[in-house]
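Beneath this line is the structure, given in structure tokens, with notes to follow.
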Amino acid sequence: MDEQVTVTPEALCASGELVERGLAYVWDVLQYGQPARAFALRFDGRVVAYLNRCVHVPTEMDWQAGEFLDLDRRWILCSIHGATYEPADGRCVAGPCGRGRLTPIEVHEVDGQVYWYPSRDIRPVLFDAPASRSS
């Protein structure tokens, strides 16, 4: 019998922090238990999110903190080798990324807040709870 898993959304940022084709919101995640970064940006009115890893070479793509779009604000561009991706679905459209696609992260906007949904492979970073004082 298949076990059903309930995924709890994680609060990411206020909707107003993501301006149309502006700076991305970047946050830490765990991919397969290893530290990684992810980013969310608003493109054509909707929020999209991806793992911050180029398909060509698994390196972070932003050329400055939160800057993922090219000068025309049309494509996600890897700052290292120029791999170019379609923001709407993360597919490679030019450069050394071939037929690859960025790893998507499910996001939703509700009541002025953006949430992301962990997956089997991409999980939130868990911080240790502060030690309790003993009396």
*asked:* Place a point 7 Å from the Cα of Trp63 along the Cα-to-Cβ direction; which residues of the stretch 9-28 have their backbone N under 16 Å from it?
replied: 22-24
_I'd like the FRET efficiency for Arg73 and Glu106, computed as 1/(1 + (r/R0)^6) with the beta carbon distance as r and R0 of 41 Å, rounded to 0.05._
0.95
*Of every Cα-Cα pair in the chain, the percent that sits beyond 22 Å*: 40
_Test of understanding: given the chain, find the longest segment containing no chymotrypsin sites (Phe, Trp or Tyr not before Pro) that are in a DSSP loop and have at most 12 other Cβ atoms within 10 Å._
33-126
*Length added when fully stretched, Ile80-Asp44, from 0.36 nm per residue minus Cα-Cα*: 10.4 nm
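Where a number appears in this text, it was derived from the coordinates with a stated rule and is not lab data. Because the structure is predicted, anything quoted here is derived from the model rather than measured. So basically every Cβ, Gly included, is an ideal-geometry build from the backbone, and we count neighbours across all protein chains shown.
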